[in-house]
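Visitor: Encoded as structure tokens, here's the structure I'll be asking about.
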4 protein chains.
Amino acid sequence: MVRMAVLGCGRIGQMHAQNILKHPETSLRGVFDIDDNSASAIAKKLSVKKITSVNEVFESDEIDAVLVASATSTHADYIEMAIRYGKPILCEKPIDLDLNRVNKLAEIVERSSVLIQIGFNRRFDPGHRSAKMALSNGEIGDLHQVIITSRDPEMPPFSYYKDAGGLMRDMTIHDFDLARFMLGSEPVEVFAVAGGLIDPEMMEDLDDHDSAMIIMKTEEGKQCLINNSRIAVYGYDQRVELLGTKGMIQSNNKKPTEILRFTKNSVEVGEPYQYFFLERYAESFMAEITAFVESLKENKPAAVSFNDGHKALILAEAAYLSLKQRRLVKIEEVI
Amino acid sequence: MVRMAVLGCGRIGQMHAQNILKHPETSLRGVFDIDDNSASAIAKKLSVKKITSVNEVFESDEIDAVLVASATSTHADYIEMAIRYGKPILCEKPIDLDLNRVNKLAEIVERSSVLIQIGFNRRFDPGHRSAKMALSNGEIGDLHQVIITSRDPEMPPFSYYKDAGGLMRDMTIHDFDLARFMLGSEPVEVFAVAGGLIDPEMMEDLDDHDSAMIIMKTEEGKQCLINNSRIAVYGYDQRVELLGTKGMIQSNNKKPTEILRFTKNSVEVGEPYQYFFLERYAESFMAEITAFVESLKENKPAAVSFNDGHKALILAEAAYLSLKQRRLVKIEEVI
Amino acid sequence: MVRMAVLGCGRIGQMHAQNILKHPETSLRGVFDIDDNSASAIAKKLSVKKITSVNEVFESDEIDAVLVASATSTHADYIEMAIRYGKPILCEKPIDLDLNRVNKLAEIVERSSVLIQIGFNRRFDPGHRSAKMALSNGEIGDLHQVIITSRDPEMPPFSYYKDAGGLMRDMTIHDFDLARFMLGSEPVEVFAVAGGLIDPEMMEDLDDHDSAMIIMKTEEGKQCLINNSRIAVYGYDQRVELLGTKGMIQSNNKKPTEILRFTKNSVEVGEPYQYFFLERYAESFMAEITAFVESLKENKPAAVSFNDGHKALILAEAAYLSLKQRRLVKIEEVI
Amino acid sequence: MVRMAVLGCGRIGQMHAQNILKHPETSLRGVFDIDDNSASAIAKKLSVKKITSVNEVFESDEIDAVLVASATSTHADYIEMAIRYGKPILCEKPIDLDLNRVNKLAEIVERSSVLIQIGFNRRFDPGHRSAKMALSNGEIGDLHQVIITSRDPEMPPFSYYKDAGGLMRDMTIHDFDLARFMLGSEPVEVFAVAGGLIDPEMMEDLDDHDSAMIIMKTEEGKQCLINNSRIAVYGYDQRVELLGTKGMIQSNNKKPTEILRFTKNSVEVGEPYQYFFLERYAESFMAEITAFVESLKENKPAAVSFNDGHKALILAEAAYLSLKQRRLVKIEEVI
């Protein structure tokens, strides 16, 4: 049993806390939030201890590992603490919005042997994972093209958007990681197009985007497309397509049931896709905890490493440079 | 080039006439209908000769073969004429509504060598045909169960129903043939349930049915279900399912396009299935002419023989006996 | 929290025990099995108490309700005990293999007010349930036909078959219940065809069947087909189709992931369906516990009552009479 | 009846000739090919006149219109002749490989009123057309993103590649047109990535590409992706996806039949997609003739105009500039 604590009691922190409770190999020793009311509410709801300071978490002998689901601005600090206290950490993405900060952190991480896993949960989605396995098994021969479609069901509110760090660092960051996971090699060039098509005014105010297309290329010439939108009224749209010399593999969306309706106007009508990531990726969030526990038990490297988090952020940075200067950007320019 | 004439200028006769015109190995030498206006209209529309008597058709040296699409009550007579005149015939189903008549005709047919093909077009549907081929190739091992779903898009009018000879002889007859085609052996037992669920009053008046389920068993014990309804508002529903020891094969419905719609309420919404048999089975109607021409050219037995038409009618007869006496009927009882 | 005990520690008992542990509103107070080793193993594995006698279970003040997953032959006795001790019971299907026994038990049950829920879990499958709801909401108008396809992935071993009570009471019993659930009214006639197509010798020895088709009709004339086979190599096949005047609804099979493969030989290739009932119906087994808890808490009648279990058994009995005498059987003959 | 002649008797010319023969409103008055043997063979096969000079075609009083399916290098000349002789022309794509030539031709075309239709047949595909109609009807609200997947089943031989004018002018040109058709407004920026992933050596030799991704943006900011590959072993892959504020529409691939196979290893296995454009787009090639005839009869502008052909070529030119200089290209740079 890995005894864990959760830092951050928002929507995602709560989900993680519940998963830790349900997971057969973890127990939950407490929850912390900078907003004490939040922590109290979750602690009560889940019948677990409310912890009142971060230090207490990292110093405790009764806590083997920490799951970080607090505000992005705290991630880097907590990772540093994890290293200092020698306490394994499963940290939500992104590592930080500031690449410089992450670059410096990377040097510290490199010298440390503490387990740091970044929360790119989609790698653990059974569908995406099977696609990757089929690819690795050579089922489609040499990989040529990766197409990732990733669309949120609806626009987040202004308040969320404001602190999220921009579309590329908040939303696309998952797709950058998934792209690297599928490509099996590093993109060396990035070109991005983005705009405010859904809510032009809000995007103008925030200097942010709600719709984007990003092309990347690896050194070997493999091509990758990421396609993002903050609006997919038919439900959370999460697809991966892999084209190779011997075939194609798609990892497609899931419906809540396999009901089909047939009426005068249409046939084979499915129910809307699962609404959002908590439902769509429920299995993957459990599976990332399993991977974390396995790394701990078997002293294996992290299934999704700090370096993976770092690389995804570099791709986001490159995408922003491409958007700003409206040109193709080489990854080496932003490292 | 096989020079053909068409007897009967109703909806189906007209379709056949057009197919003969389009077919690269047939030409249309004329059309006949007992209603001279009908024949005139079609002859004019298709720029072909109107023929004014059936005898003229069978006696003509310029006509190699005859396609019969006239009223059911004329089929047996025309088959007899075909034999007498030695003129090959492709005759619409059913052979006749009266099994006794067909039994007697069978004796004449047996002594003749004139090519007689019955219009069970569904055997030539590319999907059903591929399913049969996969089955014959052993893809699903030994066949155990056949499930045929056959539903019309909407109730035909009273006037049609009145002369059609009853659900089993008019509509299910196709499914009886398809069942024999797929089973590859003869059903020996039939049990039927049927009723007037869509229009109980009209069915009562006509002593007919609009909904039915029929179970058949072959000597080896293979099980077959036919499922009929006169109402499928989502379009003509024509499916065949074959279960074997090594797998299953389905031949499913076709949509007019592969458009899918995704909205707030539903996903992967397809366009209604092709409305009715003229569209759904268009390819099969052409293919049955090809088969007829091949039989003629290569002196091969009919792809769908008089015997096939006879056997399907016997199954319909058995189904009616089952409905009347509400019991399992052995085929031998009605032969 | 409903404190529960589980009787029977076989495959299904163990699954139920785990569900009770996971369920947010139930706790597991102990497990019992007539084979003490079985009980010990599960008790240890799940870290719960092993109970050594059935009486202890029913007499305990610390146990609010009992889940029965023991051998079918014990069900009726345990239901009687539940009534005697006033302890609510969630009992696996079938109630008993002997209809006479169940008839007598029914009289006792009728005079009692103890909650008895029968384990027809499929009613709680999200897909089947949505289909039923859509039907109840009038989405497809008047219901005319119900087609239930229910096929096991592979033949159970002789040892299982021997004690299972025959295909109709063991396997089809679920489909009889699902048929009643969907039809919304009682079948009044049953006709069955069955045989030993997969393993004729074993079926001969056991006087049992591995393949069946059953037609039922309600008083209003609604038609229902059940289609069973013990072999579906492509995975557990569980489908329900509802045809009505305004449309059709299908509740179809689930795949483990939404991966599709495209190769030189085939396209849109899905992964095999979930192998068997523990996976396919996982959600429904949890949901039936939720329903049981709700009935307890809100003092509501059982979501699936003793009467439902009784009626399904009567349909099985009718099907056997139909098979034996090879004729249509009226339900009133076997009540 | 529109009396037509076909220039060019290669694979596509022959297909067009057959379509003209089959079409109810056109007749075929002759075929011409610079290779007299080719023309003779087709003339004989189709029982039509072989014409021995292009002048004869354009001068003939018995020929109302010309379909051009000859080598690309002849298209511009024939369009000029069509204008000079006042003879309507349906000309295969692309207009020419040299944009300068087309720019000059455009000036002549502008002063003329002769009907010139360019052979972008995909606009007439029933699926793509329905998608466009649904879009025009407002079904998905405002259009934000267009994703076009267009992959050939296998690499064409060196000989074909050599004269084709490059991937963008030969293959992507269709997608550029389809993009404009769907976007409903002009792309103003183009960025392309392309490479030789399938056959790097041959691509190196030819200075050409076999795999590409192209992003385009309209003035309003609508985003469009084209995704090309010369290898899709699972069959010709032709998909269009439209994302809007109220939903998504996909026009997907067609299978030859709706057969599905279910085996131990996989379920719902479809037959490979139709192999290539002659099969996949058969309906669209007939429909473009219908559109041409309608424009002629009703004196309407061309359904696909010279300007459409011109604009598509400009996009190809922009894509090449983007590839060459590895940067985002504004359309105005290449006009």
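Visitor: Which residues, counting only those in segment D:147-169, are more than 20 Å from D:Asn253 (Cβ to Cβ), in a loop (DSSP other than H, G, I, E, B) and in contact with a helix residue (DSSP H, G or I) (Cβ under 8 Å, 6 or more places away or on another chain)?
Guide: Once the filter is applied, which keeps residues that are more than 20 Å from D:Asn253 (Cβ to Cβ), in a loop (DSSP other than H, G, I, E, B) and in contact with a helix residue (DSSP H, G or I) (Cβ under 8 Å, 6 or more places away or on another chain), segment D:147-169 yields D:Ala164, D:Gly165, D:Gly166.
Visitor: Shifting gears a bit: What about A:Ile173, is it closer than 21 Å to A:Asn121 by Cα and of a type in the set (Val, Ile, Thr)?
Guide: yes
Visitor: Looking at segment A:257-271, I want the residues that are within 7 Å of chain B (Cβ to nearest Cβ) and have a partner that is part of a loop (DSSP other than H, G, I, E, B) and among the hydrophobic types (A, V, I, L, M, F, W, C) with Cβ atoms under 7 Å, at least 6 apart or on another chain. Which pairs are those?
Guide: What qualifies is A:Thr263/B:Val233; A:Lys264/B:Val233.
Table: residues versus (1) over 16 Å from the mean Cα position of the chain (by Cα); (2) surrounded by fewer than 17 Cβ atoms within 10 Å (Cβ to Cβ); (3) not aromatic (Phe, Trp, Tyr).
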residue	(1), (2), (3)
C:Glu220	yes, yes, yes
C:Phe262	yes, no, no
C:Tyr273	yes, no, no
C:Glu279	no, yes, yes
C:Ser295	yes, no, yes
C:Phe306	no, no, no
C:Leu315	no, no, yes
C:Arg326	yes, yes, yes
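Visitor: Quick check, is C:Ile108 out of contact with any helix residue (DSSP H, G or I) (no Cβ under 9 Å at 6 or more places or on another chain) and β-branched (Val, Ile, Thr)?
Guide: Considered against the rule, which asks whether it is out of contact with any helix residue (DSSP H, G or I) (no Cβ under 9 Å at 6 or more places or on another chain) and β-branched (Val, Ile, Thr), C:Ile108 comes out as no.
Visitor: Now for a different question. Which ones in segment D:1-55 are more than 25 Å from B:Ser47 (Cα to Cα) and in contact with a Ser or Thr (Cβ under 6 Å, 6 or more places away or on another chain)?
Guide: If the condition is that a residue be more than 25 Å from B:Ser47 (Cα to Cα) and in contact with a Ser or Thr (Cβ under 6 Å, 6 or more places away or on another chain), then D:Leu7, D:Gly8, D:Cys9, D:Lys50 are the ones that fit.
Visitor: Follow-up. Give me the residue from segment A:113-134 that is out of contact with any strand residue (DSSP E or B) (no Cβ under 7 Å at 6 or more places or on another chain) and part of a helix (DSSP H, G or I) and, out of that set, surrounded by the most Cβ atoms within 10 Å (Cβ to Cβ).
Guide: A:Arg122
Visitor: When segment C:19-57 is examined, which residues are found to be closer than 24 Å to C:Pro94 by Cβ and surrounded by fewer than 18 Cβ atoms within 10 Å (Cβ to Cβ)?
Guide: C:Ile34, C:Asp35
Visitor: On to the next question. Taking the condition of being within 14 Å of chain D (Cβ to nearest Cβ) and in contact with a strand residue (DSSP E or B) (Cβ under 9 Å, 6 or more places away or on another chain), how many residues in segment A:312-330 meet it?
Guide: Counting residues in segment A:312-330 that are within 14 Å of chain D (Cβ to nearest Cβ) and in contact with a strand residue (DSSP E or B) (Cβ under 9 Å, 6 or more places away or on another chain) gives 9.
Visitor: While we're on this one: It is to be established whether one or more residues within segment D:1-19 are over 24 Å from the mean Cα position of the chain (by Cα), at pLDDT 95 or above and basic (Lys, Arg).
Guide: No, segment D:1-19 contains no residue that is over 24 Å from the mean Cα position of the chain (by Cα), at pLDDT 95 or above and basic (Lys, Arg).
Visitor: Go through segment B:201-218 and report how many residues are buried (at least 21 other Cβ atoms within 10 Å of the Cβ) and more than 23 Å from the chain's Cα centre (by Cα).
Guide: Final tally of qualifying residues: 0.
Visitor: Name the residues in segment D:83-131 that are of a type in the set (S, T, N, Q) and within 15 Å of the chain's Cα centre (by Cα), would you?
Guide: Correct list: D:Gln117, D:Asn121.
Visitor: Conditions first: (1) in a loop (DSSP other than H, G, I, E, B); (2) farther than 17 Å from D:Ala316 by Cα. D:His209 passes all but one, so which condition is the exception?
Guide: (2)
Visitor: Then there's this: Being among the aliphatic types (A, V, I, L, M), in contact with a strand residue (DSSP E or B) (Cβ under 7 Å, 6 or more places away or on another chain), open to solvent by 10 Å² or more (accessible area, probe 1.4 Å) and closer than 30 Å to C:Ser266 by Cα is true for just one of D:Ile226, D:Ile198. Which residue is that?
Guide: Step by step, each of D:Ile226, D:Ile198 is checked, and only D:Ile198 is among the aliphatic types (A, V, I, L, M), in contact with a strand residue (DSSP E or B) (Cβ under 7 Å, 6 or more places away or on another chain), open to solvent by 10 Å² or more (accessible area, probe 1.4 Å) and closer than 30 Å to C:Ser266 by Cα.
Visitor: Next up: Name the single residue, out of those in segment A:186-195 being under 23 Å from A:Phe120 (Cβ atoms) and either among the β-branched types (Val, Ile, Thr) or at pLDDT below 95 (or both), that is most open to solvent (accessible area, probe 1.4 Å).
Guide: A:Val188
Visitor: Any residue in segment D:228-253 that's at positive phi: show its pairings with residues that are open to solvent by less than 10 Å² (accessible area, probe 1.4 Å) and in a strand (DSSP E or B) at Cβ separation under 7 Å, as long as the two are six or more apart or on different chains.
Guide: The qualifying pairs are D:Gly235/C:Val267; D:Gly247/B:Phe262.
Visitor: Given the conditions (1) within 24 Å of B:Ile198 (Cβ to Cβ); (2) within 14 Å of another protein chain (Cβ to nearest Cβ); (3) open to solvent by 10 Å² or more (accessible area, probe 1.4 Å), report the number of the one that C:Arg180 does not fulfil.
Guide: For C:Arg180, the exception is condition (2).
Visitor: Right, next: How about segment A:170-229: which of its residues are of a type in the set (S, T, N, Q) and touching a helix residue (DSSP H, G or I) at 6+ places or on another chain (Cβ under 8 Å)?
Guide: A:Thr172, A:Thr218, A:Asn228
Visitor: Inspect all residues belonging to segment A:83-92 and state whether any of them is at pLDDT 95 or above, over 21 Å from A:Val31 (Cβ atoms), surrounded by fewer than 23 Cβ atoms within 10 Å (Cβ to Cβ) and not basic (Lys, Arg).
Guide: Yes, segment A:83-92 has at least one match.
Visitor: I'm trying to understand the selection: among the residues of segment C:280-320, which are farther than 17 Å from C:Ala65 by Cβ and free of Cβ contacts under 8 Å to residues at least 24 places away in the same chain?
Guide: Passing the criteria: only C:Ala282.
Visitor: Another question about this same structure. Restrict the check to segment C:235-256 and report whether at least one residue is within 14 Å of chain D (Cβ to nearest Cβ), surrounded by fewer than 19 Cβ atoms within 10 Å (Cβ to Cβ) and farther than 22 Å from C:Ser136 by Cα.
Guide: Yes, segment C:235-256 contains at least one residue that is within 14 Å of chain D (Cβ to nearest Cβ), surrounded by fewer than 19 Cβ atoms within 10 Å (Cβ to Cβ) and farther than 22 Å from C:Ser136 by Cα.
Visitor: While we're on this one: Could you check segment D:277-311 and list, in sequence order, the residues that are in a loop (DSSP other than H, G, I, E, B) and within 14 Å of another protein chain (Cβ to nearest Cβ)?
Guide: D:Tyr281
Visitor: For segment C:135-172: of the residues being among the hydroxyl-bearing types (Ser, Thr, Tyr) and within 21 Å of the chain's Cα centre (by Cα), which is surrounded by the most Cβ atoms within 10 Å (Cβ to Cβ)?
Guide: C:Thr172
The values are calculated or read from the model by the stated rules, or taken from the named source; none is laboratory data. What you see is a predicted model, and the numbers here were worked out from it, not measured in a lab. Glycine also receives a Cβ, built like all others from the backbone with ideal geometry; neighbour counts cover every protein chain displayed. To get the accessible areas, we keep the full protein, side chains included, count just its heavy atoms, and leave off ligands, DNA and RNA. Shrake-Rupley method; radii C 1.70, N 1.55, O 1.52, S 1.80 Å.
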